[in-house]
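The values are calculated or read from the model by the stated rules, or taken from the named source; none is laboratory data. Treat the numbers as computed from the prediction; the structure is a model and nothing was measured. Please note: Cβ atoms are built from the backbone with ideal geometry, for glycine as well, and neighbour counts cover all protein chains shown.
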Amino acid sequence: MVREKIAHEYLENEQEYDKNHWELFRNLRSIAVPILEVLKAFSPLLHGSIARGDITQNSDIDIIIPHQIQEFQITMAMNSINYEPTERWVVQATPLSAIKGVLVFSPIISITFPLIPFYPREYEFYYFGGALTHGDLIQNKEKRTPGINKRLLFINPTDKGHKEYRVTESNAHIIAKILNIKVETIYERIRVLERRDKIGRTGIFKKRLLKPSESFGQVLKEIASTDPASRRRIKRKKII
């Protein structure tokens, strides 16, 4: 996948969605809503472009369970609507990040859950990008929410599409209030995305595909025993 370049600092624009955009959006939502329904006991969040509405042909259905949970609880719920995981991954974005499990159910459907508790800012990251709860979608299956994309554009939904503004440290306070997150979360993401844009590093610290015989717990113990940086993060217990 081609990495998206961040927008120039003073970009402001308004997008009006065409018929094909709305059809794709509604199709993706028709897949996502039943998944949120069977996972509702676990407080799932639908996040990213499918929550904001600025989807493309490459958009995925990304769902996060924001607290620790057992793998079987997710797979049992998904089995009830005829989904089986096709891949299981352990990922860690940086040595200081929470280690997460990812269950892939199709090329466009994945469910992520932390194997260790999130730091508060890690939890806020999902609202940074735009997130909707099951309750939000019960009220309105086509509800869209503001959020910031990988180009550092603040996407603000409108009746016909969205308005977009480049996020900077100058307007971060305003956007933080709209998203109900700390402005420090936005500052951090600006620094990370601008640095990646400048030096071209897009990889994550740790990403491992699990074998069918391996459990997430086993792999987490292995990481803790062999990787000092990850072991320190595992021992730092934080709750959202």
*Of the conditions (1) modelled with pLDDT of 95 or more; (2) assigned to a helix (DSSP H, G or I), ALA229 clears all except one; give me its number.*
(1)
*Sort out for me the strands (runs of 3 or more DSSP E) sitting completely within the stretch 1-106 that have 3 or more residues that are touching a strand residue (DSSP E or B) at 6+ places or on another chain (Cβ under 9 Å) and of a type outside the set (Val, Ile, Thr).*
12-16, 45-47, 87-92, 100-106
*Please list, ordered by first then second residue, the pairs with beta carbon atoms under 7 Å, 6 or more apart or interchain, first in the stretch 180-201 and free of Cβ contacts under 8 Å to residues at least 40 places away in the same chain, second surrounded by fewer than 16 Cβ atoms within 10 Å (Cβ to Cβ) and assigned to a helix (DSSP H, G or I).*
VAL183/HIS173
*Could you please let me know if LYS207 is assigned to a strand (DSSP E or B), at pLDDT below 95, closer than 27 Å to ALA51 by Cα and touching a strand residue (DSSP E or B) at 6+ places or on another chain (Cβ under 7 Å)?*
yes
*From THR185, THR168, grab the single residue that is surrounded by 10 or more Cβ atoms within 10 Å (Cβ to Cβ), part of a loop (DSSP other than H, G, I, E, B) and either at pLDDT 85 or above or not small (Gly, Ala, Ser) (or both).*
THR168
_I want to confirm something. Restricting to the stretch 25-55 and keeping residues that are of a type in the set (Val, Ile, Thr) and farther than 20 Å from PRO114 by Cα, which single residue is surrounded by the most Cβ atoms within 10 Å (Cβ to Cβ)?_
ILE50
*Residue by residue through the stretch 105-147, note down the ones that are aromatic (Phe, Trp, Tyr) and surrounded by 19 or more Cβ atoms within 10 Å (Cβ to Cβ).*
PHE105, PHE113, PHE118, TYR123, PHE125, TYR126, TYR127, PHE128
